[in-house]
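Single-structure report; data block below.
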Amino acid sequence: MNPTPALAGEVAELIAPLRDDPGGSAILCDVDGTLAPIVGDPEQATVPEETQQVLRDLVWRFALVGFVSGRRAVEARRLVGVDEAAYVGNHGLELMAPAADEVTLDPAAADRARAMRAFVLELETAALGDAGLRLEDKGPIQSLHWRGAADEVSAERRAHEIAAEARRAGLQPHWGRKVLEIRPVAGIDKGTAVRRLLAGRVASRALFAGDDRTDLDAFRALRSMAAAGDLDVAICIGIGSDEAPPDLGQEADAVVAGPDEFLAVLRSLASPGPPDAGPNPG
């Protein structure tokens with residue numbers, strides 16, 4: 001097992017308010033690219049056992065631990081492996097409370113899901129495959145992937161054409177890392193998911209970590225809540241990669257280099273002792 005890197009002084013200082021008051025703090029994050037390294041086939045993604053154990057420690061230490069994923073909520077919980085946490089799936093359309101057996105679907109999504117599925121069914125599967133696109137049925141969301149396609153540029157071009165068709169059908173296209181998601185309604189995203197998770201909670205301090213364009217909505221929601229006085233402390237941590245959106249570094253309070261370095265952040269949060277801070281790069 002590789003040793004977990006020490007925290008940079010900047011990050012250790014950022015998370016100090018949460019370490020000082022775990023009972024009044026929330027730890028929220030994305031899953032793929034944040035906890036689980038990105039792989040060519042999403043079905044092969046894994047959250048390392050060491051990370052799972054640290055997350056279990058966090059659940060018992062903090063007021064709220066939650067995961068906000070583009071995956072279905074049930075799938076995200078299976079991947080993370082911590083049933084005691086809260087899960088939001090499909091970018092806010094699904095919610096699984098800690099230890100819950102059932103998923104709660106946003107009513108607005110349920111009303112429009114039939115129209116979305118009808119649109120997708122009109123897309124010929126064979127033609128999608130010829131274009132290098134793989135269709136993933138995620139219930140209230142349909143996703144088109146082109147990671148690993150023989151011609152990713154051509155596949156992405158076709159995805160943009162489909163996105164335009166979806167808009168004309170009154171649906172909502174959203175872009176991620178080599179994926180187009182077709183959503184049934186607007187106004188539901190990782191930002192609204194964060195607000196939903198924090199509503200009515202005792203947490204006055206919150207952290208969100210993510211690596212993709214969709215995670216920026218969560219960053220903005222936390223900052224908006226802090227500006228409105230709903231949070232005393234809002235911390236946004238970006239997970240850097242070659243595929244990270246340009247805005248990630250601009251909107252995050254700090255950027256760490258991949259899931260391994262984010263694990264160092266989680267380990268520090270889970271430990272009641274002094275943080276293991278490395279030198280401040282600034």
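None of the figures in this text is laboratory data; all of them are computed from the coordinates on show. Treat the numbers as computed from the prediction; the structure is a model and nothing was measured. Cβ: placed from backbone, ideal geometry, glycine included. Neighbour counts: every protein chain shown.
The loop-placed trypsin sites (Lys or Arg not before Pro) in the range 181-282, going by DSSP, that have at most 15 neighbouring Cβ atoms within 10 Å of their Cβ come out as 201.
Summing +1 for each Lys or Arg and -1 for each Asp or Glu among the other residues whose beta-carbon sits under 12 angstrom from that of residue 25 gives +1. Backbone phi angles across the range 234-241, fed through the Karplus curve with coefficients 6.51, -1.76 and 1.60 (θ = phi - 60°), yield HN-Hα couplings of 10, 10, 10, 10, x, 9, x, 6 Hz in residue order; Gly and Pro are listed as x.
For residue 176, nonlocal amide neighbours, meaning residues 5 or more places apart or on other chains whose placed amide H falls under 5 Å from its own, are 181. Couplings 3J(HN,Hα) of the range 255-262, computed from phi: 10, 10, 8, x, x, 4, 6, 5 Hz, in residue order, whole Hz [Karplus 6.51 cos²θ - 1.76 cosθ + 1.60, θ = phi - 60°; x for Gly and Pro].
Taking Lys and Arg as +1 and Asp and Glu as -1, the other residues whose beta-carbon sits under 12 Å from that of residue 42 total +2.
Each stretch of four or more DSSP H residues adds -39500 (n - 2.57); spread over every residue of the chain, this sum gives -12000 deg cm²/dmol at 222 nm.
Remark on residue 142: its backbone amide H falls under 5 Å from those of 182, a criterion applied only to residues 5 or more positions apart or on other chains, H modelled at 1.01 Å from N. Computed from backbone phi, the HN-Hα couplings of the range 187-193 come to x, 10, 7, 5, x, 5, 5 Hz, rounded to whole numbers (Karplus: 6.51 cos²θ - 1.76 cosθ + 1.60, θ = phi - 60°; Gly and Pro given as x).
Comparing 76, 17, 97 along the charge dipole axis of the chain, the residue lying farthest to the positive side is 97, per the Cβ-charge model. Distant-in-sequence amide contacts of residue 235, defined by a placed amide H-H separation under 5 Å and a gap of 5 or more residues or a different chain, comprise 206, 207, 208.
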